[in-house]
Amino acid sequence: MTPQELLAARDRVVPDVIAGGLSVLFCGINPGLMSAATGHHFARPGNRFWPVLHRSGFTPRQLRPSEQEELLTYGIGITNVVARASARADELSDEEFREGGRLLALKVERLRPRWLAVAGITAYRTAFGEPKARIGPQERMIGGTRIWALPNPSGLNAHWTLETMAEEFARLREAARDERR
């Protein structure tokens, strides 16, 4: 895509991949410009969401962003904390995160997934006013929905490798599976 096409994508909304009663609703920070341009979540080639989702056992094969609707067949979906697309998450204001957290809570109350998995600890902390939150399951719940903070799968997040991220996602998958029993 040309730089002009990416910049034009800033005003596009990436549709949620959602349904009621999901096992896990994954929540990105906000769409990047590539996601906004394509209409597919985690579309940037360097983003590790799709490989991590497969390596952690959520999907039987690595899906492409264009296959995101297939997630619903596995009982999982995707949304974002903030709907506005940007080149980088640090372009978002704390106010946008807080309002996004409020709207996300309403969405979760309506859809009632078993788990909300926020991919980005800083986004989770800001959106939900939990400055000391750590990666992993959270004490906070939204209605009957449990929350798990995950590492941000962006290629810019060098603190987490593909393997360590897949291990954390697998911990969530196991918790979601155990809860169904």
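Points to keep in mind about this one:
- When only the Cβ of Lys, Arg, Asp and Glu is charged (+1, +1, -1, -1), the dipole of segment 68-181 relative to its Cα centre reaches about 460 debye.
- Span from the segment 14-30 Cα centroid across to the segment 153-181 one, whole angstrom: 16
- For segment 104-181: accessible area per residue (Å², 1.4 Å): 53
- Derived scalar couplings between HN and Hα for segment 116-131 equal 9, 10, 8, 8, x, 5, 5, 4, 4, 4, 6, 5, 10, x, 10, x Hz in order, rounded to whole Hz, by the Karplus curve 6.51 cos²θ - 1.76 cosθ + 1.60 (θ = phi - 60°), x for Gly and Pro.
- Among residues other than F128 with Cβ under 15 Å from its Cβ, the summed charge is +1 (Lys and Arg +1, Asp and Glu -1).
- Multiplying the residue separation of R84 and H159 by 0.36 nm and removing their Cα-Cα distance gives an extension gain of 24.5 nm.
- Accessible area of segment 71-152 belonging to carbon and sulfur atoms, whole % at 1.4 Å probe: 49
- Mean Cβ neighbour count within 10 Å, used as a protection proxy, ranking 108-116, 154-162 highest first: 108-116, 154-162
- Extension gain from R134 to K107, taking 0.36 nm per residue of separation minus the Cα-Cα distance: 7.4 nm
- Of A158, F169, G129, farthest towards positive along the dipole that unit charges on Lys, Arg, Asp, Glu beta carbons give segment 109-181: G129
- Cα gyration tensor category, rounded, prolate or oblate, for the chain with a/c compared to 1.5: rounded
- Taking each DSSP H run with n ≥ 4 as -39500 (n - 2.57) and averaging over every residue of the chain yields -10500 deg cm²/dmol at 222 nm.
The values are calculated or read from the model by the stated rules, or taken from the named source; none is laboratory data. The structure displayed is predicted, hence computed values, not measured ones. Every residue, glycine as well, gets a Cβ built from its backbone with ideal geometry; the counts of neighbours run over all protein chains shown. For accessibility, only protein heavy atoms count, side chains too; no ligands or nucleic acids. Shrake-Rupley method; radii C 1.70, N 1.55, O 1.52, S 1.80 Å.
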